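The block underneath contains the structure these notes are about, expressed in structure tokens.
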Amino acid sequence: MKGSVLVIGGGIAGMVASLDLGDIGYKVYLVEKLPSIGGRMAQLDKTMPTLDCSMCIEAPRMVEVARHPNIEMLTYAEVKRVRGRLGDFKVEVLKKSRYVIKDKCTGCGDCAQKCPVDVPNEYDANTKSRKAIYVPFPQAVPNTHTIDLQHCIRCFKCVEACGDRMAIDFSMPDEVVELNVGAIIVATGFDMYDPSVLHNYGYGIADNVLTGLE
């Protein structure tokens, strides 16, 4: 609708854009494909040139985005279709199921402790592992667990660990929502370059050859 904006990408650029727009009265839909906002900056230890703590800078903005009355976060979601014209866009967004009920999950982590599956953790540039049920990092917003069905073995130990909270539901379907917005901001960020194609550097062969993120 007129006066609403879709922001694609929940990294630092998307969050700042959303906060600026929300502060001046626009309704903002912030769509992030990962389970948490934060983007690449959340993965960094320090930021140049001041070497300030990245999370110290970003975490307050993440919390502010989640609490802002004019911002609606759609995490673990992807834009599938855009129709219309400037001032009147109709956007289809696929909200992928976490198989965890957001309003019931307390983020306690009991489920992850019982999960027997270990997979590479994308947040740590695959240098460490996470469970098949996880939050991407400790300061994640929202602090709601997500089940990675690609690696889940459906042992249901997470369901047992959740107990009376009953926050886990493997029957939860994906959902498609249609948004009507007047403008779209694309702030999808970047992906890391694959250095393994540069054979002369020895990446993947020599243990001490790493990317900056690693």
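In the range 189-202, which residues are open to solvent by 40 Å² or more (accessible area, probe 1.4 Å) and either over 23 Å from the mean Cα position of the chain (by Cα) or modelled with pLDDT of 95 or more (or both)?
196, 197, 198, 199, 200, 201
Give the range 119-138 a look and list any residue that's among the basic types (Lys, Arg) and surrounded by fewer than 20 Cβ atoms within 10 Å (Cβ to Cβ), or say none.
128
Scan the range 203-214 and report the pairs whose first residue is surrounded by 12 or more Cβ atoms within 10 Å (Cβ to Cβ) and whose second residue is charged (D, E, K, R), with Cβ atoms within less than 9 Å and a gap of 6+ or a chain change.
Final answer for the pair search is 203/194; 213/40; 214/124.
Of the conditions (1) open to solvent by 20 Å² or more (accessible area, probe 1.4 Å); (2) touching a Lys or Arg at 6+ places or on another chain (Cβ under 9 Å); (3) part of a loop (DSSP other than H, G, I, E, B), residue 78 fails just one. Which one is it?
(3)
Show the residue pairs meeting these rules: Cβ distance below 7 Å; 6+ apart or different chains; first residue within the range 44-70 and without any contact (Cβ under 8 Å) to a residue 12 or more places away in the chain; second residue part of a helix (DSSP H, G or I).
Here the result reads 45/54; 46/54; 47/54; 47/57, each pair linking the range 44-70 to a residue that is part of a helix (DSSP H, G or I).
Out of curiosity, is residue 159 open to solvent by 50 Å² or more (accessible area, probe 1.4 Å), assigned to a helix (DSSP H, G or I), among the β-branched types (Val, Ile, Thr) and at pLDDT 95 or above?
So residue 159 fits the description; yes.
In the range 17-38, which residues are open to solvent by 30 Å² or more (accessible area, probe 1.4 Å) and either closer than 22 Å to residue 192 by Cα or part of a loop (DSSP other than H, G, I, E, B) (or both)?
The answer is 24, 25, 26, 33, 34.
Quick one: residue 153 ticks every box in (1) of a type outside the set (Asp, Glu); (2) more than 18 Å from residue 36 (Cβ to Cβ); (3) surrounded by fewer than 16 Cβ atoms within 10 Å (Cβ to Cβ); (4) touching a residue at least 40 places away in the same chain (Cβ under 8 Å) except a single one, so which number is it?
(4)
Run residue 115 past the list (1) more than 23 Å from residue 10 (Cβ to Cβ); (2) open to solvent by 20 Å² or more (accessible area, probe 1.4 Å); (3) modelled with pLDDT of 95 or more and report the number of the one that doesn't hold.
(2)
Got a number for residues in the range 183-209 being farther than 27 Å from residue 148 by Cα and either part of a loop (DSSP other than H, G, I, E, B) or aromatic (Phe, Trp, Tyr) (or both)?
Matching residues across the range 183-209 total 9.
Kindly evaluate residue 54 against the criterion of being small (Gly, Ala, Ser), modelled with pLDDT under 95 and either closer than 22 Å to residue 122 by Cα or open to solvent by 80 Å² or more (accessible area, probe 1.4 Å) (or both).
Answer is yes for this residue.
Output the number of the condition that residue 105 fails; it satisfies all remaining conditions of (1) within 24 Å of residue 126 (Cα to Cα); (2) at pLDDT 95 or above; (3) in contact with a helix residue (DSSP H, G or I) (Cβ under 9 Å, 6 or more places away or on another chain).
(1)
When residue 180 is evaluated against the numbered criteria (1) outside any loop (DSSP other than H, G, I, E, B); (2) more than 23 Å from the chain's Cα centre (by Cα), which criterion, by number, is the only one it fails?
Checking residue 180 against (1) outside any loop (DSSP other than H, G, I, E, B); (2) more than 23 Å from the chain's Cα centre (by Cα), the one that fails is (2).
Determine, yes or no, whether residue 141 is assigned to a loop (DSSP other than H, G, I, E, B), modelled with pLDDT of 95 or more and either within 24 Å of residue 213 (Cβ to Cβ) or open to solvent by less than 50 Å² (accessible area, probe 1.4 Å) (or both).
yes
The values are calculated or read from the model by the stated rules, or taken from the named source; none is laboratory data. Quick caveat: nothing in here was measured; it's all calculated off a predicted structure. Here the Cβ is made from the backbone with ideal geometry for all residues, glycine too, and neighbour counts use every protein chain on show. Please note that ligands, DNA and RNA were not included when accessible areas were found on the heavy atoms of the full protein model with its side chains. Shrake-Rupley method; radii C 1.70, N 1.55, O 1.52, S 1.80 Å.
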